[in-house]
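For reference, the structure discussed in these notes is given below.
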Amino acid sequence: MSKQASGQAIIQEFESWSKKKYAEDGDPIGLQVGSLNKKINKVMTTLDVLPTVVEEAIREEVDLIIAHHPILYKPLKKINLDTEQGKMIAQLIKHDITVYAAHTNLDVAPGGVNDMLAEALGLTNTEVLVKTFKESYKKIAVFVPSTHESEVREALGQAGAGFIGGYSNCTFSSGGTGRFKPTEGTNPYLGEQGKVEAVDEVKIESIFPADEQTKILRAVLKAHPYEEVAYDIYPLENEAKSYGLGRIGYLKNEMSLEEFANLTKEKLGSKGVRIVGDLSSTVKKVAVLGGDGNKFISVARFSGADVFVSGDIYYHVAHDAMIEGLQIIDAGHNIEKIMIEGVRKKLQTVMTEKKYSTEVIGSKVDTDPFQFK
């Protein structure tokens, strides 16, 4: 029997891949308005939260909005109901609509905005363009009776341990004999108080991201039959996995800059693009970064990209790129709207798998402020 997911459950699932730790310092992500402590019948994904989007959410009887761009970039000193922003916030509160924002964490996340853009452009062999976050690792070694080895290994995998590259559920087991003497006041799963017990045990070892330690331990303790669980945790010097903004990859077939500009416009749904470079030049290696790309011109150039696809490129920055020989396609900040359908599909899949009745829809309101003639 299906049931509605809570706001907390939905965000927990969302943050399992679009993790808060990926966000840049000071980025105002997370809960913006309302409460997550309620049942959610309908979620709406959107790029921006504008009055027209809020009107749409009210019409669609939405309980939770998940947006890419936060509505509260700067702390509010007051909510003035005479301003459009104040009126919008009042409408959200009046209709009990919660707003949650995932900004740079969604940009960085594997499968997030920049991967969506790279996939839409048909890029292959993609890598991170600007590294912003490195994962550190630890190893857990837990001692478990052989009768419960499979349960504990499964719990480790479900909690996120054992990921090495493209492989999951990586563990190593070695057998031995565990000895212990239950003392007064204990309630042993095996053995008797005052007597030394010898048990066939297995030591299970697995790697995990350091900041997931609490979650990993909770899963192990829940699956383990013993009253007191013996385990060791070690910091590792393994090479850290890098995450970051933007992607760089290769087109399956090279084409001219003009042809690629037309492809970009079509695949990313741009109303128009601005181009820096020789339209007849050949494009094979492409860097793409959603949002404002001005700070990353040098990185794109040193990466060896034939062209850099981004948005909001300044006039003088375009001059600098032109002088340095980097070609640019400014497809606009609004190309990040690709997340509307991308996030919708991911969340709806989870809701279906978890047998929740909660529906996830994508906003149909065009929030691009620019028109082209």
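The values are calculated or read from the model by the stated rules, or taken from the named source; none is laboratory data. It should be emphasised that the depicted structure is a prediction, and the values quoted were computed from it without experimental measurement. All Cβ positions, glycine included, derive from the backbone under ideal geometry; neighbour counts span all protein chains shown. Ligands, DNA and RNA are excluded from the accessible area calculation, which covers all protein heavy atoms including side chains. Shrake-Rupley method; radii C 1.70, N 1.55, O 1.52, S 1.80 Å.
At-a-glance table
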read-out	value
Between helix 149-159 and the chain: long-axis angle, C-alpha atoms, 0 to 90°, nearest 10	20
Where region 88-139 is the region considered: accessible area per residue in Å², 1.4 Å probe	40
Carbon/sulfur fraction of accessible area - the chain, other protein chains in place, 1.4 Å, %	49
Taking the chain and dividing mean pair separation by its residue count, relative contact order in percent (alpha carbons under 8 Å, at least six apart)	21
Cα Rg, Dmax (largest Cα-Cα span) when computed across region 143-280, Å	26.2, 85
Cα long-axis angle, helix 84-94 against the chain (0 to 90 degrees, to the nearest 10)	40
Kirkwood-based Rg to Rh ratio, region 329-373, C-alpha trace	1.16
Hydrodynamic radius by Kirkwood, which averages 1/r over all alpha carbon pairs of region 111-177, in angstrom	15.3
Bridge type composition, the chain - antiparallel percent by DSSP, nearest 5	70
Label-point separation, TYR250 to GLU353 (7 Å along Cα→Cβ), nm	3.1
Estimated 222 nm signal from helices in the chain, with DSSP H stretches of n ≥ 4 weighted -39500 (n - 2.57), rounded to 500	-8500 deg cm²/dmol
Using distinct alpha-carbon pairs, which all enter the 1/r mean, Kirkwood radius of region 83-143 in Å	15.8
Stretch gain in nm, segment GLU55-PHE172, where the contour uses 0.36 nm per residue and the Cα spacing is subtracted	36.7 nm
Span per principal axis, largest first, for the Cα atoms of region 241-297 (Å)	37, 25, 20
Contour minus Cα-Cα distance for GLU266 and LYS94 (0.36 nm per residue)	58.0 nm
Computed FRET value (nearest 0.05) for SER150 with LYS345, which takes r as the C-beta separation and R₀ as 25 Å	0.15
Loop-resident sites, region 282-373, for chymotrypsin sites (Phe, Trp or Tyr not before Pro), counting at most 11 other Cβ within 10 Å (DSSP)	PHE370, PHE372
Tilt relative to the chain, helix 338-353 - C-alpha long axis, 0 to 90 degrees, to 10	30
Calculated on alpha-carbon atoms, Rg and Dmax of region 217-373 in Å	22.2, 72
For a label point 7 Å along the Cα-to-beta-carbon line of LYS21, residues of region 198-219 with backbone N under 16 Å	207-219
Pairwise label distance in nanometres, LYS215 with ASP82, each label 7 Å out on the Cα-Cβ vector	4.7
Trypsin sites (Lys or Arg not before Pro) restricted to DSSP loop in region 1-107 with at most 12 other C-beta within 10 Å	LYS77, LYS78
For region 39-98, Kirkwood radius (reciprocal of mean inverse C-alpha pair distance, Å)	11.9
Counting DSSP beta bridges with both ends in region 237-328, the antiparallel % (nearest 5)	55
Mean shadow area of region 186-260 over all directions, Cα convex hull, nm²	10.0
Those lysines that a straight Cα-Cα span of less than 26 Å connects to LYS139, excepting residues fewer than 8 apart in one chain	LYS19, LYS20, LYS21, LYS131, LYS203, LYS215, LYS222, LYS241
Scattering curve values for the chain, log₁₀ I(q)/I(0), Debye with Cα scatterers, q = 0.06, 0.07, 0.10 Å⁻¹	-0.32, -0.42, -0.77
Residue-span extension gain [ASP200 to SER6] - 0.36 nm each, minus C-alpha spacing	65.6 nm
Rg in Å to one decimal, and Dmax rounded to a whole Å, for region 6-71 via C-alpha atoms	12.2, 35
Region 79-209 shape via C-alpha gyration tensor axes, a/c threshold 1.5	oblate
Spacing of the two label points (7 Å from each Cα toward its C-beta) at LYS39 and SER136, in nm	4.4
Modelled FRET efficiency - R0 25 Å, LYS241 with LEU279, Cβ distances, 0.05 increments	0.05
For region 264-279, 3J(HN,Hα) per residue [Karplus equation, 6.51 cos²θ - 1.76 cosθ + 1.60, θ = phi - 60°, Hz, x = Gly/Pro]	4, 4, 5, 6, 9, x, 7, 6, x, 10, 9, 10, 10, x, 7, 4
Percent breakdown of C-alpha pair distances by 5 Å bin, ordered from the shortest bin, for region 7-144	2, 9, 17, 19, 16, 14, 9, 7, 4, 2, 1, 0, 0
